[in-house]
Number of protein chains: 2
Amino acid sequence: MKETLVTISKRTGFAISTVSRVLNGQAEKYRISRKTVELILAEARRCDYTPSLLAKGLRMKRTNTLGLLIPQVSNPYFADIASAIIREARSHGYTVMVVDTMENEENEQEGIRTMLSRRVDGIVAVPCGRTPDHLEKVNRSVPVMLVDRSFERTSLPYVCTDNYRGGVEATRILLQRGHRRIACIQGVPHSMPNRRRVQGYLDALRQAGLQEEAIITGDAFSLENGYRQTKLAVAGPDRPTAIFALSNTILLGAVKAIRESGLRIPEDISVVSFDDNPYLDFLVPAITRIGQPVEEIGKTAVRLLLESIREEVRCRTQLQLPPERIVRDSVANPRTAK
Amino acid sequence: MKETLVTISKRTGFAISTVSRVLNGQAEKYRISRKTVELILAEARRCDYTPSLLAKGLRMKRTNTLGLLIPQVSNPYFADIASAIIREARSHGYTVMVVDTMENEENEQEGIRTMLSRRVDGIVAVPCGRTPDHLEKVNRSVPVMLVDRSFERTSLPYVCTDNYRGGVEATRILLQRGHRRIACIQGVPHSMPNRRRVQGYLDALRQAGLQEEAIITGDAFSLENGYRQTKLAVAGPDRPTAIFALSNTILLGAVKAIRESGLRIPEDISVVSFDDNPYLDFLVPAITRIGQPVEEIGKTAVRLLLESIREEVRCRTQLQLPPERIVRDSVANPRTAK
DNA sequence: GTGAAAGCGCTAACAC
DNA sequence: GTGTTAGCGCTTTCAC
């Protein structure tokens, strides 16, 4: 049978309230005698007392638990984010319940329901819907923090990469080498990170007076999409001299297609990708890329969320953290510019 | 203010118990009239009633929650396992609390404490200690299921890869090509997966009458370890013609060292690795490897655990699932055998 | 310095 | 068919 305050109370002869106070470190506050404190602590240790956070949560209306909605835990990028969030939460005494939404809005909604039922103190979400409506509604009952992805106009707080700037930088890396025909292979068109990256790409081209040259294709953050679009691109008459892949998965597809076509990176075609990953240094050549500050995103999101829980106010901070250029060997001058 | 059974009870005029029964789908069982049912359901929907699983858990002594202890969520291999576990649990109506133990036994113990306090119905663990003692003790109060790693002699149930067989198969792939000097670069020596893989390697050599040729080095599942050991191995006088890396990370270090030394894979030296990962197909050459049935491991572990929770008996199943050979292009005949 | 008791939201045994 | 009530384990107000 489980130990409770009652059993300890009975065995030590002190009242439940006294036991509770001692076990919560409130002995001082209530000026409970040293002797009592020690007796109770000893007994608690002896019987391996494990306080019920269920009962405590029910009483206190706080569970020290956060909910985390992630579109795909097995995706290394999301795993990194989840990892950062879980660790940061733990360092503040919070535990995290994770729901894998599998990029499905229904799963997301159901996940939110379970979390609310479990009375989480706050929710961190990488949202997968097209609109913030539902999450905004949830935010009225429990604080919500968006991570990685956000929405066009929303009052919800978020922490993500400055994807626009990432798009600009990636494109500039190529422009500086003299590339003019740069194919941008995108992921899910309506998603915010995608739109911002594309916008960055377009603006960089525009500033270079190359707006006419924009080539935007693709529709999914997948290897298949990267492969298909690259196949098409290199087969066409006016082959691009460089490819900007908007994600790791797209990049892999692109690399596969390029290799199959017999072209060499970077001699025949340059490549820049988004997202960091240790493996990218082991491809030949190593891939030049725009890394996202994953660790910082997770940490910051949790800190802001916990703060808003503590202060009992809704957080309104919307943060875009700067991406990181990781220059390797997949970019060279275009042939035509030689 | 939050809605509860009481508020609904008051507003509809029915007793709390009636409301409870209806909302739990027990209307039939208690032969509650259609009208009552509809009124109550309507009101619950209207006010967006969210049942408190805290209160329910307190009352029922079941929370429909599992605890998951993972040594490093950001490691793609563990992320895959976590993903499978989370999804399988969800499909049975369970939510998962994840603790990242960071390969630290203290964190593991603390993680267990929080989980027990939160009254999880069961715990899935990739343990990081050297002995099963503590987990066996925990198993007396709540069912524990080991995953990926196990212990030499333990009564705890587990589901993992047949690492011994993996070690044998990897080694045989090399032996069949005529390799005789095969360096095995291991990870943490005392860990079960490592020991079993090494044992498989040794037995495969023995069966080929090559026990004298065994070369076992290394001490960590890390890129650095793989790099260092490979550097030493290729620099030595009697260079191995093949390397068996006991993990992905070790492999990457090995590849780096081999490239730096100017040797080519597989012409100068063959390579076989453990663990699957999509990126391995994009290295040049693509790496031949032994994949672990991660999805199945996670699924099976959760199923067995839930079953033992349901039946209220301790599971004693200890399962080793067969690994998968993934043959690519990193193995060739050794030079000397030509 | 310590204790008694109410109540958090829920289920289920028992009553009618 | 529906209602009353005890109790899950905890915190906290009020009392002494």
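Each row is one residue, and each column tells you yes or no for (1) open to solvent by less than 50 Å² (accessible area, probe 1.4 Å); (2) farther than 30 Å from A:VAL19 by Cβ.
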site	(1), (2)
A:SER74	yes, yes
A:ALA79	yes, yes
A:VAL120	yes, no
A:ARG130	no, yes
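Conditions tested, residue by residue: (1) touching a strand residue (DSSP E or B) at 6+ places or on another chain (Cβ under 6 Å); (2) surrounded by fewer than 23 Cβ atoms within 10 Å (Cβ to Cβ).
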{"position": "B:LEU156", "(1), (2)": "yes, yes"}
{"position": "B:GLY167", "(1), (2)": "no, no"}
{"position": "B:LEU175", "(1), (2)": "no, yes"}
{"position": "B:VAL188", "(1), (2)": "no, yes"}
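Taking every residue in segment A:30-49 that is within 14 Å of DNA strand D (Cβ to nearest atom) and modelled with pLDDT of 95 or more and pairing it with any residue that is assigned to a helix (DSSP H, G or I) and acidic (Asp, Glu), at least 6 positions away or on another chain, the pairs with Cβ-Cβ distances below 9 Å are A:TYR49/A:GLU43.
Listed by position, the strands (runs of 3 or more DSSP E) enclosed by segment B:78-180 that each have at least 3 residues that are over 30 Å from A:ARG113 (Cβ atoms) and more than 10 Å from every other protein chain (Cβ to nearest Cβ) are B:158-161.
Counting the residues of segment A:27-41 that are over 14 Å from A:SER9 (Cβ atoms) and more than 9 Å from DNA strand C (Cβ to nearest atom) gives 2. The set of residues in segment B:204-221 being open to solvent by 30 Å² or more (accessible area, probe 1.4 Å) and either in contact with a strand residue (DSSP E or B) (Cβ under 8 Å, 6 or more places away or on another chain) or not hydrophobic (A, V, I, L, M, F, W, C) (or both) consists of B:ARG206, B:GLN207, B:GLY209, B:GLN211, B:GLU212, B:GLU213, B:ALA214, B:ILE215, B:ILE216, B:THR217, B:ASP219. Scanning segment B:137-150 for residues being more than 16 Å from B:ALA301 (Cα to Cα) and among the hydrophobic types (A, V, I, L, M, F, W, C) gives a total of 1. The residues of segment A:18-36 that are open to solvent by less than 40 Å² (accessible area, probe 1.4 Å) and either part of a helix (DSSP H, G or I) or not small (Gly, Ala, Ser) (or both), listed by number, are A:THR18, A:VAL19, A:SER20, A:VAL22, A:ILE32, A:THR36.
Residues that are surrounded by 13 or more Cβ atoms within 10 Å (Cβ to Cβ) and among the charged types (D, E, K, R) were ranked within segment B:3-17; the one that is nearest to the other protein chains (Cβ to nearest Cβ) is B:GLU3. Number of residues in segment B:37-60 that are closer than 23 Å to A:GLN109 by Cα, of a type outside the set (Gly, Ala, Ser) and open to solvent by 40 Å² or more (accessible area, probe 1.4 Å) equals 7. Taking every residue in segment B:271-294 that is within 8 Å of chain A (Cβ to nearest Cβ) and pairing it with any residue that is open to solvent by 20 Å² or more (accessible area, probe 1.4 Å) and among the aliphatic types (A, V, I, L, M), at least 6 positions away or on another chain, the pairs with Cβ-Cβ distances below 8 Å are B:PRO278/A:LEU223; B:LEU283/A:VAL284; B:VAL284/A:VAL284. So is B:THR63 within 13 Å of DNA strand D (Cβ to nearest atom), surrounded by 19 or more Cβ atoms within 10 Å (Cβ to Cβ) and within 11 Å of chain A (Cβ to nearest Cβ) or not? When the stated conditions are applied, B:THR63 passes them. Of the residues making up segment A:8-26, those that are of a type in the set (S, T, N, Q), more than 7 Å from DNA strand C (Cβ to nearest atom) and under 44 Å from the mean Cα position of the chain (by Cα) are A:SER20, A:ASN24, A:GLN26.
Do we have B:ARG264 as basic (Lys, Arg) and touching a strand residue (DSSP E or B) at 6+ places or on another chain (Cβ under 6 Å) here? Taking the combined requirement at face value, the residue does not satisfy it.
Scanning segment B:240-265 for residues that are open to solvent by 20 Å² or more (accessible area, probe 1.4 Å) and either more than 13 Å from chain A (Cβ to nearest Cβ) or among the β-branched types (Val, Ile, Thr) (or both) turns up B:THR241, B:THR249, B:SER261, B:GLY262, B:LEU263, B:ILE265.
The values are calculated or read from the model by the stated rules, or taken from the named source; none is laboratory data. Every value quoted in this text rests on a predicted model; they were computed, and no experiment measured them. Glycine gets a Cβ as well: all are built from the backbone with ideal geometry, and neighbour counts include every protein chain shown. Keep in mind that these areas ignore ligands, DNA and RNA; they rest on the heavy atoms of the full protein, side chains included. Shrake-Rupley method; radii C 1.70, N 1.55, O 1.52, S 1.80 Å.
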